[in-house]
Amino acid sequence: MKSAPLSLDLPKRVSLPAQTAATIRRAIEQGAWKKQLPSERRLCEILRVSRPTVRTALGLLKKEGLLDCGQGRLHRIVTRQRRSPPQRNRFIGLVAQELVSRYSLSDHRVLSELRTQLADHKYATEIFRCRDDDRPQRPSLQDYVRTHHANCWLLMSVSEKVQRWFASQGLPALVMGSCHAEVRLPSFDVDQRSVCRHAAGVFLRHGHRRMALVVPDTGLAGDHASELGFQEGAQLADDPEPAAAVIVRHDGTVEHIHTRLNALFGSDQAPTAVLVAVPRHAMTVLLYLLRRGYRVPGQVSFICREHDPMFDHTIPAVSHYRFEDDAFVNRLTRQMLKLVNQGLAPEPCLIFPKYSPGGTVRPPER
């Protein structure tokens with residue numbers, strides 16, 4: 001029983017074997033034959049071409065990988081797997097200046113939630129600690145960046161030198177913190193200048209005229225902005241008695257903090273109010289004051305620039321500034337994804353945290 005003739009486009013007589021191969025290929029794509037082709041003789045009848053032409057056409061299709069020889073010289077159709085498009089590199093590099101183990105609990109939560117949200121968007125992340133040292137086996141920042149083709153880089157409180165290097169290389173980078181002067185990179189940070197200006201204003205409203213900011217001497221832009229804001233806030237006093245705002249820089253060690261505090265409270269102009277920049281240094285300062293016999297907040301009022309969960313477990317609660325970690329991370333994640341997908345203008349994105357009054361600020365005792 002003869003099979004019904006197929007409705008096919010007949011090959012033209014120009015480059016006949018190639019035209020015949022194209023006709024067979026199109027028929028296979030349209031599902032005319034599923035597993036194997038008819039015999040060469042039957043193909044000659046269907047396509048109305050000679051057997052040498054059919055054989056040449058079949059040879060072309062074999063070279064393409066569309067056909068394979070089966071038993072009895074029948075030509076088996078090879079099922080082609082569609083190639084999936086190449087995956088884009090989905091990697092975001094996190095560059096840190098400080099050991100992550102030294103981060104506060106709040107910072108750890110922010111970092112953990114950030115990496116979780118980026119993973120939900122199918123981005124792998126890795127932390128690279130960038131610092132100057134003399135260990136030759138440690139990979140340099142340039143080597144790391146060259147071998148890790150990141151969609152973007154998050155610079156977490158890095159030095160001016162590192163910020164300038166990323167800007168000069170034209171790499172897509174977002175500064176988690178504040179940019180140094182003349183560094184043209186997008187940034188995302190708490191508005192530390194406004195925070196410290198506000199803290200100075202809180203002290204002024206409670207009648208304090210001698211105040212101090214205890215801040216690590218890191219050279220970071222956010223700490224420099226804090227000093228400016230604190231001094232600006234102290235100048236807003238509308239009282240005949242001018243307010244003094246002292247900056248107490250330290251190297252982060254307990255010993256050096258104590259040395260600087262000894263000089264500060266050993267002077268005739270000891271402050272009645274103290275703003276501490278970093279939460280882990282807050283306990284060092286508080287314990288120092290208590291050991292020296294100062295009543296907090298009776299003799300010395302106290303505010304911390306940032307939040308730490310331990311502040312909620314003291315009586316009185318430590319006055320501080322805080323933001324909801326989830327809201328902060330959500331906005332930071334959106335900024336990073338926008339940088340990856342659309343690019344960002346080299347402008348700062350600043351947020352102002354909420355002031356939690358606590359119970360460590362009151363008017364100074366007379």
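Some notes on this structure:
- Think of each Lys and Arg Cβ as +1 and each Asp and Glu Cβ as -1; about the Cα centre, that makes the dipole of the chain roughly 3520 debye.
- Backbone phi angles across segment 265-278, fed through the Karplus curve with coefficients 6.51, -1.76 and 1.60 (θ = phi - 60°), yield HN-Hα couplings of 7, x, 8, 6, 10, 4, x, 9, 8, 10, 10, 10, 6, 10 Hz in residue order; Gly and Pro are listed as x.
- Using only alpha-carbon positions in the chain, the gyration tensor eigenvalues give semi-axes of 75, 19, 17 Å once each is multiplied by 5 and square-rooted (largest first).
- Against the main long axis of the alpha-carbon atoms of the chain, helix 16-29 sits at an angle near 60°.
- At q = 0.17 Å⁻¹ the log10 of I(q)/I(0) for segment 127-262 amounts to -0.97, computed by Debye summation with a single uniform scatterer per C-alpha, solvent ignored.
- Per residue, the Cα convex hull of segment 16-77 amounts to 70 Å³.
- Using θ = phi - 60° in the Karplus curve 6.51 cos²θ - 1.76 cosθ + 1.60, the 3J(HN,Hα) couplings for segment 342-349 round to 10, x, 10, 5, x, 10, x, 10 Hz; x is entered for Gly and Pro.
- With Cα atoms as the point set, the radius of gyration and Dmax of segment 274-340 evaluate to 15.9, 54 Å.
- Lys/Arg +1, Asp/Glu -1 at C-beta; the chain dipole; positive extreme among S187, T116, N262: T116
- Candidates R26, R109, R193, ranked by Gaussian network fluctuation over the chain, Cα under 10 Å, top entry: R26
- In whole percents, the pair-distance distribution calculated for segment 192-322 from its alpha-carbon pairs, binned every 10 Å from zero, is 13, 48, 36, 4.
A short reminder: the numbers here are calculations on the coordinates, not readings from a lab. All of these numbers come straight from a predicted model, not from anything done at the bench. As a convention, Cβ positions derive from the backbone with ideal geometry for all residues, glycine included, and neighbour counts pool all protein chains shown.
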